[in-house]
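Visitor: Here it is, the structure, as structure tokens.
The values are calculated or read from the model by the stated rules, or taken from the named source; none is laboratory data. As the structure is a computational prediction, the values presented were derived from the model and not from experiment. Here the Cβ positions follow ideal geometry from the backbone for every residue, glycine too, while neighbour counts run over all protein chains shown. Only protein heavy atoms, including side chains, enter the accessible area calculation; ligands, DNA and RNA are left aside. Shrake-Rupley method; radii C 1.70, N 1.55, O 1.52, S 1.80 Å.
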Amino acid sequence: MITRRNLIWLIPLFLALTFPLWRPPVAAFLSPRGGYDPSLANRKLDEHNFKLETVHITQSENGKITLEIEAERAYTGKNPDEIEMEKIDAVITSATGEQTFVTARKGILDKIGSILTLIDEVVVIKPKDKFELYTDLLIYNDKTKIAHSPGKTQVIGEKIQITGNNLIFNTITESYDLGGRVYCKLANFSAPDSTSP
């Protein structure tokens, strides 16, 4: 006697016995169309290239913003880890919260190295110290907190004006190192008294 219970066992048995008959048409139906091209596995994927207008970039460290950049335009650099920018306004914030304002015509931000390279008409203003810096190339390393200008640099402070062929500025110790031919102009400077012993 064939019951419903026995009928359920007959269906898989029937499929297994007739497998050689229905396998070729099902395999043909399920096979991918167009074949397989092995060169597709080795192809180089497209890089993420972009070009943006009116960009705002923020970099933070330990939950505090250390670098904010606003640029009129930004696009992918020659290296995929670099962002090239035009018409830059940047704010660098120290660990104590002191802000330094920077402008430049062009710039490159290396995201991996945390290096900001500023090019053409670079102006750095530190309002707290009444300090201004003018140069055509400035490289700021956010990891070491050191700014380096390898070309002619002019520093203007309260009652002082210094021009040098290069500059290294440590933002942590706030020490300046000007090299090359250095010209210094001091305001309200009087010569030492020659009558004193």
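Visitor: Can you find a residue in segment 85-102 that is of a type in the set (Asp, Glu) and touching a Ser or Thr at 6+ places or on another chain (Cβ under 6 Å)?
Guide: yes
Visitor: Quick test for you: out of 66, 93, 54, pick the one residue that is over 13 Å from residue 110 (Cα atoms), open to solvent by 70 Å² or more (accessible area, probe 1.4 Å) and either in contact (Cβ under 8 Å) with a residue 12 or more places away in the chain or among the hydrophobic types (A, V, I, L, M, F, W, C) (or both).
Guide: Criteria check complete, one pass: 54.
Visitor: Quick one: how many residues across segment 6-61 are of a type in the set (Lys, Arg), more than 30 Å from residue 83 (Cβ to Cβ) and modelled with pLDDT under 85?
Guide: 1
Visitor: Among residues belonging to segment 165-175 that are in a loop (DSSP other than H, G, I, E, B) and touching a Lys or Arg at 6+ places or on another chain (Cβ under 8 Å), point out the one that is farthest from residue 145 (Cα to Cα).
Guide: 165
Visitor: Taking residue 80 and the conditions (1) surrounded by fewer than 13 Cβ atoms within 10 Å (Cβ to Cβ); (2) modelled with pLDDT of 85 or more, which numbered condition does it fall short on, given that it satisfies the others?
Guide: With respect to (1) surrounded by fewer than 13 Cβ atoms within 10 Å (Cβ to Cβ); (2) modelled with pLDDT of 85 or more, residue 80 is out only on (2).
Visitor: For segment 165-189, give me each residue that is open to solvent by 40 Å² or more (accessible area, probe 1.4 Å) and touching a Phe, Trp or Tyr at 6+ places or on another chain (Cβ under 7 Å).
Guide: Passing the criteria: only 176.
Visitor: If you don't mind, another one. Confirm whether residue 126 is closer than 20 Å to residue 156 by Cβ and charged (D, E, K, R).
Guide: So residue 126 passes the test.
Visitor: Give 111, 126 a once-over and let me know the one that is within 15 Å of the chain's Cα centre (by Cα) and either closer than 18 Å to residue 66 by Cβ or in contact (Cβ under 8 Å) with a residue 12 or more places away in the chain (or both).
Guide: From the options 111, 126, the qualifying one is 111.
Visitor: Collect the residues in segment 62-75 that are at pLDDT 85 or above and not small (Gly, Ala, Ser), keeping them in residue-number order.
Guide: Residues satisfying the conditions are 64, 65, 68, 69, 70, 72, 73, 75.
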